[in-house]
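Visitor: Take this structure, written in structure tokens, and hold onto it; I'll ask about it next.
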Amino acid sequence: MSINTFGHLFRVTTWGESHGPALGATVDGCPPNVPVDEAMLQHWMDMRKPGQNKYTTQRREPDMVRILSGVFEGKTTGTPVQLMIENTDQRSKDYGDIAEKFRPGHADITYWQKYGIRDYRGGGRSSARETAARVAAGGLARAALATLVPNVQITGYMVQMGPLAIDRTKFDWDEISRNPFWVPDAVAAQDWATYLDGLRKSGSSVGAVVEVVARGLPAGLGAPVYGKLDTDLAAAMMSINAVKGVEIGEGMGAAVLTGEENADEITMGPDGPVFSSNHAGGILGGISTGQDVVVRFAVKPTSSILTPRKTITKSGEGTEIITKGRHDPCVGIRAVPVGEAMMACVLLDHLLLHRGQVGEGGGQIG
């Protein structure tokens, strides 16, 4: 069992490899009559596609998404939606040297140990190229959310690159789309550019922390114990290539707070409950509170670097390896739209689950 599907009611199955003819997603469970077309999805694909600036891989993929089924006259039909993205700029020869070697920090060795076969051309299924299919599916989820809960806004951005973090006092939502790092701090964007330039020219890489926020979400999404909204969000973010840690709200920082500091006090406002803070990240007991849902995830440094690293061959012999090819010096940059897509898929899935169980019910306050 390969487990290439995620979601409960809104179910996404991704398929394809980095250097195959195409990759894509089969999406089942999307509600009918959702307005969608290829141009709408392409907007999100363009945010993730490679080769847009010198800070990302120079692989030139247009990432043009095609809708093969499930949409008629510009609206979803309620049947499976098939999304396909062709690969057009593969350079498989760049990977000839690693056919018999395992790249440290990469999934080469574990794929071989599990399956006894691996596609060494760009990592095959373990490549970050797989995330293009997630972004296409996320675009469909956004379209459905816009139909069902029009006020929801999902925004991702980088808050840290290596040792460099943003200054929260300078946070500017409008700045996020103005720089190549999706960073809400204009000063940080300049500093990060200088820092990453040096790493890029040396053939090295660095990790990052990405934050994704959903605003305008209704209270009540998620279920106790095993169906928690934060459980599925954490799993969705952790499933993204190169992610090694996930936080909800205060996250690990909650461990150093007192009970008084961590409690988000509640008062009654003219439009309902008002919270004094949001250490919980918009989720209590696995159920959304109506506040902003805040998720952060840490992305490790790109494993493909030009510095020689010790490794072994498939026959167990010791050797060294330098990974050639076109790679992101900080994969966190292109992980931002992927995190947004996963947030959209999980939120839509839980919205459908909530409507199926509770409908328009729920406890009223005031």
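Visitor: Residue by residue through the range 36-47, note down the ones that are open to solvent by less than 60 Å² (accessible area, probe 1.4 Å) and touching a strand residue (DSSP E or B) at 6+ places or on another chain (Cβ under 7 Å).
Guide: VAL36, LEU41, GLN42, MET45
Visitor: Filtering the range 247-269 down to residues that are over 19 Å from ARG215 (Cα atoms) and in contact (Cβ under 8 Å) with a residue 24 or more places away in the chain, which residue is least open to solvent (accessible area, probe 1.4 Å)? Spell out how you get there, then give the answer.
Guide: Going residue by residue through the range 247-269, those that are over 19 Å from ARG215 (Cα atoms) are 252-263, 265, 267-268.
The next check asks that each one be in contact (Cβ under 8 Å) with a residue 24 or more places away in the chain; those that pass are 254, 268.
Values: ALA254: 38, MET268: 111 Å².
This residue is ALA254.
Visitor: Now, a different point. Restricting to the range 348-361, name every residue that is surrounded by fewer than 11 Cβ atoms within 10 Å (Cβ to Cβ) and either in a loop (DSSP other than H, G, I, E, B) or touching a strand residue (DSSP E or B) at 6+ places or on another chain (Cβ under 6 Å) (or both).
Guide: GLY359, GLU360, GLY361
Visitor: Only one of THR169, THR147 is among the β-branched types (Val, Ile, Thr) and over 30 Å from LYS75 (Cα atoms); which? First the steps, then the outcome.
Guide: Working: THR147 fails: over 30 Å from LYS75 (Cα atoms).
Answer to the check: THR169.
Visitor: Moving to a separate point now. Residues that are at pLDDT 95 or above, within 23 Å of the chain's Cα centre (by Cα) and not polar (S, T, N, Q): does the range 104-112 have at least one?
Guide: no
Visitor: Please state which of the following conditions TYR157 fails to meet, knowing it meets all the rest: (1) among the hydroxyl-bearing types (Ser, Thr, Tyr); (2) at pLDDT below 95; (3) within 19 Å of TRP44 (Cβ to Cβ); (4) surrounded by 15 or more Cβ atoms within 10 Å (Cβ to Cβ).
Guide: Going through (1) among the hydroxyl-bearing types (Ser, Thr, Tyr); (2) at pLDDT below 95; (3) within 19 Å of TRP44 (Cβ to Cβ); (4) surrounded by 15 or more Cβ atoms within 10 Å (Cβ to Cβ) one by one, TYR157 breaks only (2).
Visitor: May I pose another question? Please name all residue pairs, on different chains or six or more residues apart, with Cβ atoms under 7 Å, provided the first residue is in the range 319-335 and is under 13 Å from MET161 (Cα atoms) and among the aromatic types (Phe, Trp, Tyr) and the second residue is open to solvent by 40 Å² or more (accessible area, probe 1.4 Å) and at pLDDT 90 or above.
Guide: Note: no pairs meet the criteria.
Visitor: May I pose another question? Just wondering, is there one or more residues in the range 52-70 that are surrounded by 15 or more Cβ atoms within 10 Å (Cβ to Cβ), of a type in the set (Phe, Trp, Tyr) and at pLDDT 85 or above?
Guide: no
Visitor: Here is a check on your reading of the model: is VAL358 over 11 Å from the mean Cα position of the chain (by Cα), in contact (Cβ under 8 Å) with a residue 12 or more places away in the chain and farther than 16 Å from ALA235 by Cβ? It would help to see each step written out before you state the result.
Guide: Details: over 11 Å from the mean Cα position of the chain (by Cα): yes; in contact (Cβ under 8 Å) with a residue 12 or more places away in the chain: yes; farther than 16 Å from ALA235 by Cβ: yes.
For VAL358, the condition - over 11 Å from the mean Cα position of the chain (by Cα), in contact (Cβ under 8 Å) with a residue 12 or more places away in the chain and farther than 16 Å from ALA235 by Cβ - is met.
Visitor: Listed residues GLY207, GLY203, GLY198; which is under 30 Å from ARG309 (Cα atoms) and in contact with a Lys or Arg (Cβ under 7 Å, 6 or more places away or on another chain)?
Guide: Details: GLY203 fails: in contact with a Lys or Arg (Cβ under 7 Å, 6 or more places away or on another chain); GLY198 fails: in contact with a Lys or Arg (Cβ under 7 Å, 6 or more places away or on another chain).
Only one candidate qualifies: GLY207.
Visitor: In addition: What pairs come up if the first residue lies in the range 1-21 and is more than 21 Å from ALA344 (Cβ to Cβ), the second is open to solvent by less than 50 Å² (accessible area, probe 1.4 Å) and not in a loop (DSSP other than H, G, I, E, B), and their beta carbons are under 7 Å apart, counting only those six or more places apart or on different chains?
Guide: Cβ pairs passing all conditions: GLU17/LEU23; GLU17/GLY124; SER18/GLY124; SER18/ARG129; HIS19/SER92.
Visitor: Of the residues that make up the range 134-151, is at least one open to solvent by less than 20 Å² (accessible area, probe 1.4 Å), farther than 30 Å from LEU351 by Cα and touching a residue at least 12 places away in the same chain (Cβ under 8 Å)?
Guide: Checked against the condition, which is being open to solvent by less than 20 Å² (accessible area, probe 1.4 Å), farther than 30 Å from LEU351 by Cα and touching a residue at least 12 places away in the same chain (Cβ under 8 Å), the range 134-151 yields no hits at all.
Visitor: Of the residues in the range 270-296, how many are at pLDDT below 95 and open to solvent by less than 30 Å² (accessible area, probe 1.4 Å)?
Guide: 1
Visitor: Considering the range 313-347 alone, what residues qualify as being surrounded by fewer than 23 Cβ atoms within 10 Å (Cβ to Cβ) and of a type in the set (Lys, Arg)?
Guide: If the condition is that a residue be surrounded by fewer than 23 Cβ atoms within 10 Å (Cβ to Cβ) and of a type in the set (Lys, Arg), then LYS314, LYS324, ARG326 are the ones that fit.
Visitor: Considering only residues that are buried (at least 19 other Cβ atoms within 10 Å of the Cβ) and either of a type in the set (Gly, Ala, Ser) or over 15 Å from the mean Cα position of the chain (by Cα) (or both), which ones fall in the range 1-12? First the steps, then the outcome.
Guide: The first filter runs over the range 1-12 and keeps only residues buried (at least 19 other Cβ atoms within 10 Å of the Cβ), leaving 6-7, 10, 12.
Correct list: GLY7, PHE10.
Visitor: Looking at the range 188-207, can you tell me whether even one residue there is open to solvent by less than 30 Å² (accessible area, probe 1.4 Å) and among the β-branched types (Val, Ile, Thr)?
Guide: Taking every residue of the range 188-207 in turn, at least one turns out to be open to solvent by less than 30 Å² (accessible area, probe 1.4 Å) and among the β-branched types (Val, Ile, Thr).
The values are calculated or read from the model by the stated rules, or taken from the named source; none is laboratory data. Note that the structure is predicted; figures quoted are calculated from it, not measured. Here the Cβ is made from the backbone with ideal geometry for all residues, glycine too, and neighbour counts use every protein chain on show. Side chains are part of the model used for accessible areas, which takes the heavy atoms of the whole protein and leaves out ligands, DNA and RNA. Shrake-Rupley method; radii C 1.70, N 1.55, O 1.52, S 1.80 Å.
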